[in-house]
Ligand code: SF4
């Protein structure tokens, strides 16, 4: 593990409007979770969030849309947003996370200033039909291949604690290794009572072991990022994630849940003598 920690911030520029049935996702319209739902976040608000992320030391800023994939309208919205942020916050490295995407769509994003694309495999190919029936794992894998072919930086990981077996976790990590992502975000399922999945039953020690396992099975990834569910999963043992192989975190709020104050994460890094990455 290096001492340089990459900080990323995520911005839900469209929220809670997805028709897919991913069982872990409160943004699906099917489960009626009590979350904010809107089509397009106002650009002023996005710029404000981007500036706040930059001022807190984030290098990555991820534009997320809640939908199965891009369509003409959402592609235009993400591209416009990327062009504006490139001018307003040139220090930030723009990432898009917009579901399944063709190579052509990805090239359009790239032209608009997007540097990396995040598309998670979520879980293993074997377990996927148990958590989603409206699209296939193979489609997800294909989008990741498209990202590589389009020459964008691939960010791909998954979620632990959905009820998958240990073998299924290994299977997902092996599939990720084949895709050779630069960054692997790992999420820990954060239960929402509107969802039918059972709460995540992982212990803190098991979760730390999973970070280690990710590092071991995806050894060429520059970054292992602990993303959603960090506070809930690790509580007052969050600082241990770094000794177990993580070198990147999401700061600020998540897509539908609140993160802790950015200042607390910055204090944690300082107390561990870890520095914040200023470049990739
Ligand atoms: S496709 Fe994405 S936004 Fe839609 S339900 Fe699945 S995880 Fe949620």
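We did not get these values from a lab; they are worked out from the coordinates using the rules stated. The structure presented is a predicted model; accordingly, all values stated were derived computationally and were not measured. Neighbour counts are summed over all protein chains in view; Cβ atoms, including those assigned to glycine, are modelled from backbone coordinates with ideal geometry.
Per-residue Cβ neighbour counts within 10 Å put 56, 248, 136 in the sequence 136, 56, 248, beginning with the fewest. Relative contact order for segment 4-276: 21 percent, from Cα pairs under 8 Å spaced at least 6 residues apart, divided by residue count. Which of rounded, prolate or oblate describes segment 157-280 when judged by the alpha-carbon gyration tensor and an a/c cut-off of 1.5? Oblate shape, in that a/c is at least 1.5 and b/c is the bigger or equal ratio. Checking the a/c ratio against 1.5 first, then a/b against b/c, what shape does the Cα gyration tensor give for segment 4-276? Judged from the Cα gyration tensor, segment 4-276 comes out rounded (a/c under 1.5).
Going from the fewest other Cβ atoms within 10 Å to the most, the residues 147, 204, 184, 64 appear in the order 204, 64, 147, 184.
Which FRET efficiency value, to the nearest 0.05, do you get for residue 167 and residue 80 by plugging their Cβ-Cβ distance into 1/(1 + (r/R0)^6) with R0 = 51 Å? The pair residue 167/residue 80 has a calculated efficiency of 0.70. Computed over segment 1-113, relative contact order equals 29 percent, with contacts defined as Cα pairs under 8 Å that lie 6+ residues apart. Secondary-structure-derived ellipticity at 222 nm for the chain, considering helices only, amounts to -11000 deg cm²/dmol, per-run term -39500 (n - 2.57) for DSSP H runs with n ≥ 4. Note on residue 239 and residue 36: the extension gain reaches 70.1 nm, defined as 0.36 nm multiplied by sequence separation minus the Cα-Cα distance.
The label point for residue 205 and the one for residue 43, both projected 7 Å from the Cα toward the Cβ, are 5.4 nm apart. Neighbour counts of C-beta atoms inside 10 Å place 133, 100 in the sequence 133, 100, starting with the fewest.
Segment 164-193 to segment 253-280: how many Å between their Cα centroids? When both Cα centres are located, 22 Å separates them.
Considering only beta bridges that DSSP places wholly inside the chain, some 5 percent are antiparallel. Subtracting the Cα-Cα distance of residue 88 and residue 220 from their residue separation scaled by 0.36 nm leaves 44.2 nm. Give the separation of the Cα centroids, segment 228-244 to segment 64-96, in Å. Segment 228-244 and segment 64-96 have Cα centres spaced 29 Å from each other.
Which of 154, 269, 255 moves the most in a Gaussian network model of the chain with Cα springs under 10 Å? Top of the fluctuation ranking is 269.
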